[in-house]
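Reading through the structure tokens given below for one structure.
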């Protein structure tokens, strides 16, 4: 994973973890590494975050435990180069993250792509709670129909129940805050590609803190231990 890199993997993992998990700037990390006798440019740290976040997430997803069959779906705003983009997110009835999808647009196509990804990775939910968004409702109906048509189990699949309630969807509104709390100090992303990569890492850390990965033994590993296991 770190073959050919000038710096030791422990330094790279430390910088990536600290940037994704805490309200630190890239220049903060440059200074903190210098205090430890390690000379690394803040731009290099930024490239590490963009390079390794998606791969670490992919490895995390292989360990991710199943989610429940009752979901809450919503999207939140993310600023990229001064322009608003959108992060589609879903959590289950236990508050665990089901799936997320970063999109430059907020429309039916984006909502369908997000839901198709969620349905492909996880079992079909029994119910999805959304706010008053008609677009999300149409996306669920379309994806549900397509998913049932593609099913080859020959079982009669029940339609996904849709519950529209802004009050009931407060659960995911609260969950957005953990992601937005880390994004806010960044003052907006510089590009769509970097936003997509860094958000994948932030979401991964959020899932780690929720204890969504399966590990041997009863003790929940720390963030540092989880990063080490993913990079092993």
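The values are calculated or read from the model by the stated rules, or taken from the named source; none is laboratory data. All figures in this text were calculated on a predicted structure; none of them were measured in a lab. A quick note on method: Cβ atoms are made from the backbone with ideal geometry, for glycine too, and the neighbour counts reach across all protein chains shown.
Scanning region 106-125 for residues that are part of a loop (DSSP other than H, G, I, E, B) and either surrounded by 15 or more Cβ atoms within 10 Å (Cβ to Cβ) or at pLDDT 95 or above (or both) returns 106, 107, 122, 124, 125. Applying the set (1) more than 23 Å from residue 96 (Cα to Cα); (2) within 17 Å of the chain's Cα centre (by Cα) to residue 150 leaves exactly one unmet item: (2). Within the set 89, 83, 69, the sole residue that is surrounded by 14 or more Cβ atoms within 10 Å (Cβ to Cβ), out of contact with any helix residue (DSSP H, G or I) (no Cβ under 9 Å at 6 or more places or on another chain) and closer than 29 Å to residue 134 by Cβ turns out to be 69.
Residue check: is residue 128 part of a helix (DSSP H, G or I), within 21 Å of residue 95 (Cα to Cα) and either touching a helix residue (DSSP H, G or I) at 6+ places or on another chain (Cβ under 7 Å) or in the same structural domain as residue 87 (by TED's automatic domain parsing) (or both)? It is false that residue 128 is part of a helix (DSSP H, G or I), within 21 Å of residue 95 (Cα to Cα) and either touching a helix residue (DSSP H, G or I) at 6+ places or on another chain (Cβ under 7 Å) or in the same structural domain as residue 87 (by TED's automatic domain parsing) (or both). Taking the conditions exactly as written (assigned to a helix (DSSP H, G or I), under 30 Å from residue 25 (Cβ atoms) and in contact (Cβ under 8 Å) with a residue 12 or more places away in the chain), does residue 140 satisfy them or not? Considered against the rule, which asks whether it is assigned to a helix (DSSP H, G or I), under 30 Å from residue 25 (Cβ atoms) and in contact (Cβ under 8 Å) with a residue 12 or more places away in the chain, residue 140 comes out as no. Here residue 228 clears all of (1) surrounded by 14 or more Cβ atoms within 10 Å (Cβ to Cβ); (2) out of contact with any strand residue (DSSP E or B) (no Cβ under 7 Å at 6 or more places or on another chain); (3) part of a loop (DSSP other than H, G, I, E, B) except the condition numbered (3).
Just a yes or no: is a residue in region 168-182 assigned to a loop (DSSP other than H, G, I, E, B) and either in the same structural domain as residue 100 (by TED's automatic domain parsing) or surrounded by 18 or more Cβ atoms within 10 Å (Cβ to Cβ) (or both)?
Yes, there is a match, as at least one residue in region 168-182 is assigned to a loop (DSSP other than H, G, I, E, B) and either in the same structural domain as residue 100 (by TED's automatic domain parsing) or surrounded by 18 or more Cβ atoms within 10 Å (Cβ to Cβ) (or both).
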